[in-house]
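Inspection log for the structure reproduced underneath, given as structure tokens.
The values are calculated or read from the model by the stated rules, or taken from the named source; none is laboratory data. Remember, it's a predicted structure, so these values are computed and weren't measured experimentally. Methodologically, a virtual Cβ is constructed for each residue, glycine included, from the backbone with ideal geometry; neighbour enumeration extends over all protein chains shown. Ligands, DNA and RNA are excluded from the accessible area calculation, which covers all protein heavy atoms including side chains. Shrake-Rupley method; radii C 1.70, N 1.55, O 1.52, S 1.80 Å.
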Amino acid sequence: MATVMSSADSRPADAATSVNIALSKGRILEESLPLLARAGIRPVEDPLTTRKLILDTSLPQVKLTIIRAADVPTYVKFGAADLGIAGKDVLMEYEGDGLYELLDLGIARCRLAVAEPASLASRDDPRVWTRVRVATKYVNITRRHFAAKGIQTDIIKLYGSMELAPLVGLSERIVDLVSSGQTLKANGLVEVEHIADISAWLVANKAAMKMKRAALKRVVDELSAAVGSK
Ligand code: ATP
Ligand code: MG
């Protein structure tokens, strides 16, 4: 067994106590850092500038893994990370289970919405839609949202800049995240349907929650207290 012997003042840094947290650069990282700091977890290097993808922290047993936002559920599901911080949008879009959604962190708040050009919205009524063409990166969420209302969808999968689609004639409607609405407005679009309120959640690998219960619980409890003390 590869266990580092513990001395009187250090814990064994073995597999049962190590905690790997996956999170993404960008908004999630920016808003997670203050929360992690209140939970006593501070990266030893500046995660906004370093090129390293695995960061040591002020807690010897805790590491941060920096990956693409949409990959966080996959890393956590397969145990490549014990915990993860992911937007509810990413979790709703992810196909597959194997994750515990433990805690709403209350950060990176926004909403998922259907939007279309203001000129169309002025004479449009979502209640009479029977078939819509929609550009989005949220293919699964979009299909589910409209299917629940008996509306057929022709979905155009994009990887970003959804607001562009109506301007170039790809589709009149889009499904995208909205926070202030400034990006929509700048592109002549308006929100016509609310799909879901979004925030970032702490998720956990199911097996790790059993095998490393004590180590994970310590981190989860600290984060939970940090959320509550905001
Ligand atoms: P990339 O930019 O690498 O293509 P991404 O667009 O998924 O990936 P971000 O823009 O950082 O990366 O978004 C990550 C998460 O942050 C989203 O899944 C969402 O939960 C949240 N988020 C995105 N945009 C906003 C916003 N305008 N306001 C609040 N939260 C947001
Ligand atoms: Mg983005």
### Query
Say we join alpha carbon atoms closer than 10 Å with springs in a Gaussian network model of the chain; which of Val114, Val44, Val190 then has the biggest fluctuation?
Val44
#### Entry: Share antiparallel - DSSP beta bridges, segment 110-197, percent rounded to 5
55
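Counting Lys +1, Arg +1, Asp -1, Glu -1, what net charge surrounds Asp97 among other residues with beta carbon under 10 Å of its beta carbon? Walk me through the numbers before you get to the answer.
Numbers: positive: Lys77, Lys206; negative: Glu95.
Computed value for this residue: +1.
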### Hits among lysines - C-alpha to C-alpha of Lys210 under 21 Å, sequence gap 8 or more where chains match
Lys63, Lys77
### Query
Rounded to the nearest 500 deg cm²/dmol, what is the calculated helix-only ellipticity per residue at 222 nm for the chain, with -39500 (n - 2.57) per DSSP H run of length n ≥ 4?
-7500 deg cm²/dmol
#### Entry: For segment 105-115, 3J(HN,Hα) per residue [Karplus equation, 6.51 cos²θ - 1.76 cosθ + 1.60, θ = phi - 60°, Hz, x = Gly/Pro]
7, x, 10, 6, 6, 6, 9, 9, 8, 8, 10
### Query
With θ set to phi - 60° and the Karplus curve 6.51 cos²θ - 1.76 cosθ + 1.60, what are the ³J(HN,Hα) couplings of segment 54-61 in order, to the nearest whole Hz, using x for Gly and Pro?
10, 10, 6, 10, 4, 9, x, 8
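What is the local net charge at Lys77, summed over the other residues whose Cβ is closer than 13 Å to its Cβ (Lys, Arg +1; Asp, Glu -1)?
Around Lys77, the surrounding residues sum to -4.
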#### Entry: Virtual spin-label span in nm between Leu53 and Ala207, 7 Å along Cα→Cβ
2.1
### Task
Please list the non-local residues whose amide H lies under 5 Å from the amide H of Trp201, H modeled 1.01 Å from N, same-chain partners needing a gap of 5 or more.
Ala86, Gly87, Lys88, Leu105
### Per residue accessible area in Å² of the chain, where ligands, DNA and RNA are left out and the probe is 1.4 Å
53
### Query
How much solvent-accessible surface does Lys137 expose, in Å² to the nearest 10, with a 1.4 Å probe and all protein chains in place?
80
### Query
Just how far, in whole angstrom, is segment 114-178 from segment 51-89 if you go by their alpha carbon centroids?
31
### Message
I need the chymotrypsin sites (Phe, Trp or Tyr not before Pro) found in segment 62-140, filtered to DSSP loop residues with at most 13 other beta carbons within 10 Å of theirs.
### Response
Phe78
### Message
For segment 110-197, take N as its residue count and report Rg(C-alpha) divided by 2.2 N^0.38 Å.
### Response
0.96
### Summary
Here P(r) for the chain, Cα-Cα distances in 10 Å bins, as whole percents, is 7, 29, 29, 19, 11, 4, 1, 0
### Message
Quick check: net charge around Ala108, other residues with Cβ under 10 Å of its Cβ, Lys/Arg +1 and Asp/Glu -1?
### Response
0
### Task
Taking all protein chains together and a probe of 1.4 Å, list His194, His145 from the most accessible to the least accessible.
His194, His145
### Query
Which loop-located GluC sites (Glu not before Pro) does segment 65-127 contain, where loop means any DSSP state but H, G, I, E or B and the Cβ has at most 12 other Cβ atoms within 10 Å?
Glu95
### Task
Please list, in chain and number order, the residues 5+ apart from Arg42 or on another chain whose amide H is under 5 Å from its amide H, with Hs placed from the backbone.
Ser58, Leu59
### Query
Under a point spin-label approximation (7 Å from Cα along Cα-to-Cβ), what is the Glu45-Ala196 distance to one decimal in nm?
3.4
### Query
Roughly speaking, to the nearest percent, how much of the chain's 1.4 Å accessible area is carbon and sulfur?
53
### Query
How far apart, in nm, are two points set 7 Å out from the Cα along the Cα-to-Cβ line at Ala225 and at Ala80?
3.3
